[in-house]
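Structure record follows, encoded as structure tokens.
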Amino acid sequence: MTVHSQPKNRTNDEQKSTVSTNDETSAPNAVGEMEQHLATLQTQVDEHLEKWQRTAAEFANYKKRQERDRIQFMKYANSGLITRLLPVLDDLQRALATTPEHLNDHSWVEGISLIERKLWNTLQQEGAIMIEAGPGKPFDPALHEALTWEESDAVAEGHIIEQIQPGYKLHDRVLRPALVRVAKTISRPAEEEEKSEEQSSQGEQ
């Protein structure tokens, strides 16, 4: 009896062809899925990186604010103490200013003068600055406090006539404004104003 094996071989070839076709079809699908998966992972990585960078920037800004606040606090930490010491400095300066000349050589006067200098030097080292408020200086409401507004021939309007009490700043912050007398325009009687206007109009004619 003769056995024919040819149909069986054909079936195997067909199976191999089918498997090969399936492999060729599934390979591109697998690559596409992998690329999509990688793209998704890349998107997630970019999102996490962006969040991390934002958090790092916010933390850096927070540290800068903390350092700036610390510096500002240290800069003005002694403002309350310096303000309380200013009246003591005023008293020492007034005592020296009103000391009779014949007592200037006494040791106790020299002692008061030494204390005044040491106190002022210490305040200066802490950042205290005396506000300029001498005669003829322009009046600045941010730095000066006007006790009186007075008519003056010698000083221009809006300028300081005299300083009554010195003012002080701590760095750029006013601790106490300077107390001053300020000049204003001299008011003339109505009759003088009329005469002045008449003379002015006659001169124009």
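Read-outs throughout are calculated quantities, based only on the coordinates presented, and are distinct from any laboratory measurement. No experiment lies behind these values; they were computed from the predicted model shown. Note that we place each Cβ from the backbone using ideal geometry, even for glycine, and neighbour counts take in every protein chain shown.
Using the per-residue mean of other Cβ atoms lying within 10 Å as a proxy for protection, in what order, highest first, do the peptides 120-130, 60-70 fall? Show your work: numbers first, answer last.
Values: 120-130: 14.7, 60-70: 10.0.
In decreasing order of mean packing, 120-130, 60-70 become 120-130, 60-70.
Starting from the coordinates of the alpha-carbon atoms of segment 88-159, obtain the Kirkwood hydrodynamic radius over all distinct pairs and give the value in Å to one decimal. Write down the numbers at each step before the final one.
On the way: mean 1/r = 0.0664 Å⁻¹.
By the Kirkwood definition, the hydrodynamic radius is 15.0 Å.
Take each of the peptides 108-118, 158-168, average the number of other beta-carbon atoms within 10 Å over its residues, and list them starting from the highest. Intermediate values should be presented prior to the final figure.
On the way: 108-118: 12.8, 158-168: 17.8.
Result, highest mean first: 158-168, 108-118.
Calculate the length of the line joining the C-alpha centroid of segment 30-89 to that of segment 144-177, in whole Å.
44 Å
When the chain is fully extended, how far beyond the present Cα-Cα distance does V31 get from N78, taking 0.36 nm per residue of separation? Could the numbers behind the result be given before it?
On the way: separation 47, 0.36 × 47 = 16.92 nm, distance 7.11 nm.
Full extension from V31 to N78 adds 9.8 nm.
Arrange the peptides 39-47, 178-186 so that the one whose residues have, on average, the most other Cβ atoms within 10 Å appears first. Intermediate results must be reported in sequence, preceding the final value.
Details: 39-47: 10.0, 178-186: 18.7.
So the peptides 39-47, 178-186, ranked by packing, come out 178-186, 39-47.
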